[in-house]
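Take a look at the structure set out below.
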Amino acid sequence: MERREEERPSPERVCPPEGDGPTKEELSRRVSYLEDFREGVFQMLRDLDESERKLEEACLKLKETQNQLIQSAKMNALGELAADIAHEINQPLTVIKGLSHNLLRETAPETPRYEKIKLIADSARKMEAVIKHLKVFSRMDAEGLHPVDLNSVIREAFAMVAEGLKNHSIEVRMSLSPLPLVSGSANRLEQVIINLVNNAKDAMDGGGILEVATNTVEAGGRKFASIRLRDTGCGIPEEIIGRVFDPFFTTKEAGKGTGLGLSISYGIIKEHKGEIVVESAPGKGTTFLITIPAIKD
C-alpha cells in the first residue's frame, strides 16, 4: 500500500511566532524618535541661518565702526591742520589789527576814510574770534577749572554759530536768567553748546525755532545751574533715544557726522560733575537739559 506523504503547510502559510515583530508601542516610539530627529535637524538649520544673519550684521557693524574710526582720524588730522592755520594767520592778523587801530586814532571820525579803516578793524576782530575757536577745538589753549558763567558761555557759542542758524532759517529765542558760577572749563562747555546747536540745526533742515533758557535749580540742599535747549525739529525715535550718547552712534548720512558730538558732550558734562538728559518725540522736537553744580558759597 502506497504511503502518502504527510502534508506540511507551505512557507507562505507559516505565521511567525508571536512576539518576533515590533509591537505597536515600539513602532510609535520609532516614529516619535524620527519626528524628534527631523525637528532637531530643522532646528539646527534654523540656528545656522540665524547665526549667519548675526554674523552678517556683526560684519556690517564692524565695517561701519571702521569707517567711523577713519572719519575720526580725519577729524583729528583736521584739528591739527586747523591749529597750524590758526598759528599762521594769527601773526599777520595781529599786525592788521594793530595798524588799523593806530590809523583809527589818527583819522577824524567824520571822514569816509575812517569808516573804511573801521571796517578793516571790525573784520580783524571777527577773524580773531574765529582763530580763538580754532585754537579751542584743536586743544592749543591750556585747560583748567575756573569759575565760569554759563550765560557768557552760551553767548560766546551762539556768536560763533549765529550765521549758520540764520542761513538755515532758524529763529533763536534766548531767555537767560542770572546763574550761580560753576567750576569748569569755559572752552569745553562752549564746545558742548556748539555740538548741541549743530545737532538741532541738522534736525531742522527746513527751518524752525531753537529755544535756549537758563535757570537756577536746587536739589538736595545744593544749587545747580541749568541749561535747556529745545528745537522744533524732526525728533528722535523712541527705539534709539537711549543710544544718542553712545560713541559713533549717528543717524546721519555717511560723511555728515561722526557720531561723536553727543558722546563728547556727555563726557564733558560728566567731567563737570553734571548731568545731561534728552527728551524727544518724533515730529515734535528734542530737548536737552544740562545741570551743573554751582560753586559752593
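Candidates in segment 184-220 are the residues that are more than 19 Å from Asn167 (Cβ to Cβ) and part of a loop (DSSP other than H, G, I, E, B); of these, the one that is farthest from the chain's Cα centre (by Cα) is Gly220. If the condition is being surrounded by fewer than 17 Cβ atoms within 10 Å (Cβ to Cβ) and in contact with a strand residue (DSSP E or B) (Cβ under 6 Å, 6 or more places away or on another chain), then segment 182-206 contributes no residue at all.
Here Ser280, Ser265 are screened, and the one residue that is at pLDDT below 90, more than 8 Å from the chain's Cα centre (by Cα) and assigned to a strand (DSSP E or B) is Ser280. Could you list, in sequence order, all residues of segment 260-273 that are surrounded by 15 or more Cβ atoms within 10 Å (Cβ to Cβ) and touching a residue at least 60 places away in the same chain (Cβ under 8 Å)? Hits for segment 260-273 are Leu260, Gly261, Leu262, Ile264, Ser265, Ile268, Ile269, His272.
The values are calculated or read from the model by the stated rules, or taken from the named source; none is laboratory data. It should be emphasised that the depicted structure is a prediction, and the values quoted were computed from it without experimental measurement. Please note: Cβ atoms are built from the backbone with ideal geometry, for glycine as well, and neighbour counts cover all protein chains shown.
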